[in-house]
Structure formats: structure tokens, C-alpha cells
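Notes follow once the structure below has been shown.
The values are calculated or read from the model by the stated rules, or taken from the named source; none is laboratory data. Just so you know, these numbers come straight off a predicted model, no measurement behind them. Heads up, the Cβs are rebuilt from the backbone with ideal geometry, glycines too, and the neighbour counts pull from every protein chain shown. Ligands, DNA and RNA are excluded from the accessible area calculation, which covers all protein heavy atoms including side chains. Shrake-Rupley method; radii C 1.70, N 1.55, O 1.52, S 1.80 Å.
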Amino acid sequence: MKKQYIIAIDGPAASGKSTTAKLLAKKLKYVYIDSGAMYRACGLYALNHNINLKDVKSLQQMLDKIDIKIKYTEQDNKLYLNGEDVTFRIREADITKLSSEIAVIGIVREKMVELQREIGKDGGVIMDGRDIGTIVFPYADFKFFMIADVKTRAKRRWEEANEKGENLNLEEIEKEIIWRDKNDTTRKISPLVKAQDAIEVDTSNMTIKEQANYLFNYICEEKNA
Ligand code: CDP
Ligand code: CDP
């Protein structure tokens, strides 16, 4: 594959974006960028520094000081927030909700989108999130929109937590996902929506391998067409 494509994968929580993106990145030798991790890092910074999300001045000061760096490794990416490795901390439940709350704020999004465009501009990148195919890279070479029913997504997150040794309640996870779906799809700026030219993939009854192969085969067929 000669051209270094930009591949956008959007969709709601636990629809299978990151597992697919990681496998695809390995196959194509591309870089995988998890844009959600950046909003999570903003949420963590706001929490650690007691930032009032309604106070534009404090938010602006926060954005002037915040420094997000992603280090790419063979196994996984690491996210550094002002020099500190917060890769695991940003996955915790308190940050999950905060990330969605902070992601509705225009000036926060502007800064994150700028960073995402800078990282992806040369291609050879697979970026997942909510607005990658619509706002960040509207001219992406490939756009996918992954979905799955809410019960399946909640169960996936519950199993994921179990594997990490976290004892979470399935109903609570489902409620959190429903809340986040609503918050992400109804916000005024860059809501979660399928780009008109995105390929929708329902992963409810797919394995991780099947969903990754589906995208990989689609890309290979298109490039040969
Ligand atoms: O990135 P996104 O939030 O869309 O989802 P993910 O991190 O790819 O998947 C969420 C969880 O569901 C992970 O633990 C995956 O291993 C699992 N999963 C699964 O069991 N079967 C699938 N077809 C897709 C994901
Ligand atoms: O892994 P999961 O799908 O649960 O969430 P994430 O991708 O880490 O994203 C966390 C939150 O960041 C989402 O619920 C969105 O509110 C926000 N987000 C966004 O607004 N735009 C993006 N491109 C990526 C994430």
C-alpha cells in the first residue's frame, strides 16, 4: 500500500473502535491515535487543578498550560500529561464521565482538533473518536462508523473491567453508556454523528477479528478498485 492513508473510525463507546484500530494499525504499519484519550487527559487536568468547567477564563488558562504528548510503542501508546504518564489513570470511571462533560466545550475541542490534525496530517494514521470523519479529517481516505447495541456494549465494558480486577456493576455501566451516548450525540459542537460518506459497521455479533478483517478487506478492495 503506497499512499499513506488517513483512516477515520467513529462511533459510540465500546462499539469496537480501538480494538479494530489497533489491529489495523499493526497490519498496515500505521500509527494508531486514540482521540478520546486527549479529552480524557483534559478531564484529568481539570480535576487535578480544580477547574470550574463553567468559567471560560480558567478553562482558557488550563488550555494554555496543558501539554499532551503521545508516545508510540509497538505494544501500545502512552499518554503523557504535562510530563506525567497517565495512560492508565485516564481510563478510570471518574475520568470517563468528565471526559464527555469537558468534550462539549468549544475551546477545548478547538485545541484538541488542532493537535489531532497536526499528528495525522502526513497520513499513515488511524484515528478513532466521535468527530474524526466529520470535523477532524472530513477528507479522510476511509471513514468507518462502528455501532453495536447498548446491552452488548455494556457487557463488553463490564468484562473489560472484570479482567482488570475492577468490580463494577453491569447496570451502572449501561446507565453510564446511555448517558454518554446522549451527551455525545446531542451536544451543539461536533456531535457524534455518522459522516454521510462513512461505512457503517454493526459489531454486535462480530468478534474482534471479524470486525478488523472487515475493515481491512474493505480498504484492500477499494485501493485495488
Ligand atoms: O474503542 P471502543 O470504545 O469503541 O471499543 P473497544 O475498546 O474496541 O471495545 C470495548 C471492549 O469490548 C474491549 O474490551 C474489547 O475487547 C471488547 N470487544 C469485544 O469483546 N468484541 C468485539 N467485537 C469488540 C470489542
Ligand atoms: O473508550 P470510549 O469509547 O469509552 O471513550 P473515549 O473514546 O475514550 O472518549 C471519551 C469521551 O471523549 C467520549 O464520551 C466523548 O465525549 C469524548 N470524545 C469526543 O468528544 N470526541 C472525540 N473525537 C473523542 C472522544
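Only residues in the stretch 62-76 that are open to solvent by less than 100 Å² (accessible area, probe 1.4 Å) count as the first member; pair them with residues that are polar (S, T, N, Q), Cβ under 9 angstrom, at least 6 apart or cross-chain, and list the lot.
Ile66/Asn82; Asp67/Asn82; Ile68/Asn82; Ile70/Asn77; Asp76/Thr87
For the stretch 107-116, check the following and say yes or no: at least one residue is in contact with an Asp or Glu (Cβ under 6 Å, 6 or more places away or on another chain) and closer than 14 Å to Met38 by Cβ.
no
With the structure loaded, tell me whether Glu101 is more than 14 Å from Arg40 (Cβ to Cβ), part of a helix (DSSP H, G or I) and out of contact with any His (no Cβ under 7 Å at 6 or more places or on another chain) or whether it fails that test.
For Glu101, the condition - more than 14 Å from Arg40 (Cβ to Cβ), part of a helix (DSSP H, G or I) and out of contact with any His (no Cβ under 7 Å at 6 or more places or on another chain) - is not met.
Quick check on this structure: which one of Arg40, Arg117, Arg109 is touching a residue at least 12 places away in the same chain (Cβ under 8 Å) and within 16 Å of ligand 1 (Cβ to nearest atom)?
Arg40
Can you name the number of the only condition in (1) open to solvent by 10 Å² or more (accessible area, probe 1.4 Å); (2) more than 14 Å from the chain's Cα centre (by Cα); (3) away from ligand 2 (no atom under 11 Å from the Cβ) that Ile105 fails?
Status for Ile105: all satisfied but (3).
For the stretch 160-186, enumerate the residues that are of a type in the set (D, E, K, R), over 18 Å from Asp128 (Cα atoms) and surrounded by fewer than 17 Cβ atoms within 10 Å (Cβ to Cβ).
Glu160, Glu163, Lys164, Glu166, Glu171, Glu172, Lys175, Lys182
Consider the stretch 198-210. How many of its residues are under 18 Å from Arg130 (Cβ atoms) and either open to solvent by less than 90 Å² (accessible area, probe 1.4 Å) or among the polar types (S, T, N, Q) (or both)?
Here the count works out to 5.
Identify all residues within the stretch 210-225 that are touching a residue at least 40 places away in the same chain (Cβ under 8 Å) and more than 21 Å from Ile6 (Cβ to Cβ); write none if there are none.
None - no residue of the stretch 210-225 is touching a residue at least 40 places away in the same chain (Cβ under 8 Å) and more than 21 Å from Ile6 (Cβ to Cβ), so the list stays empty.
For the stretch 15-46, give me each residue that is open to solvent by less than 10 Å² (accessible area, probe 1.4 Å), in contact with a Lys or Arg (Cβ under 7 Å, 6 or more places away or on another chain) and either among the hydroxyl-bearing types (Ser, Thr, Tyr) or near ligand 2 (Cβ under 7 Å from one of its atoms) (or both).
The one that is open to solvent by less than 10 Å² (accessible area, probe 1.4 Å), in contact with a Lys or Arg (Cβ under 7 Å, 6 or more places away or on another chain) and either among the hydroxyl-bearing types (Ser, Thr, Tyr) or near ligand 2 (Cβ under 7 Å from one of its atoms) (or both): Ser15.
Give Gly83, Gly106, Gly123 a once-over and let me know the one that is of a type in the set (Gly, Ala, Ser) and over 21 Å from Asp10 (Cβ atoms).
Answer to the selection: Gly83.
Among the candidates Leu79, Leu59, which residue alone is in contact (Cβ under 8 Å) with a residue 24 or more places away in the chain and part of a helix (DSSP H, G or I)?
The conditions single out Leu59.
Just one of Ile7, Ile90 is modelled with pLDDT of 95 or more, closer than 20 Å to Ile147 by Cα and under 15 Å from the mean Cα position of the chain (by Cα); which is it?
Ile7
Out of all the residues in the stretch 141-161, is one or more over 16 Å from Val201 (Cα atoms), without any contact (Cβ under 8 Å) to a residue 12 or more places away in the chain and not in a helix (DSSP H, G or I)?
Within the stretch 141-161 (the criterion being over 16 Å from Val201 (Cα atoms), without any contact (Cβ under 8 Å) to a residue 12 or more places away in the chain and not in a helix (DSSP H, G or I)), the answer is no, since none of the residues qualifies.
Among the residues of the stretch 23-33, are any among the aromatic types (Phe, Trp, Tyr), within 14 Å of the chain's Cα centre (by Cα) and part of a helix (DSSP H, G or I)?
No, every residue in the stretch 23-33 fails to be among the aromatic types (Phe, Trp, Tyr), within 14 Å of the chain's Cα centre (by Cα) and part of a helix (DSSP H, G or I).
Conditions first: (1) of a type outside the set (S, T, N, Q); (2) touching a strand residue (DSSP E or B) at 6+ places or on another chain (Cβ under 8 Å); (3) on the phi < 0 side of the Ramachandran plot. Ala93 passes all but one, so which condition is the exception?
Result: Ala93 fails condition (2) only.
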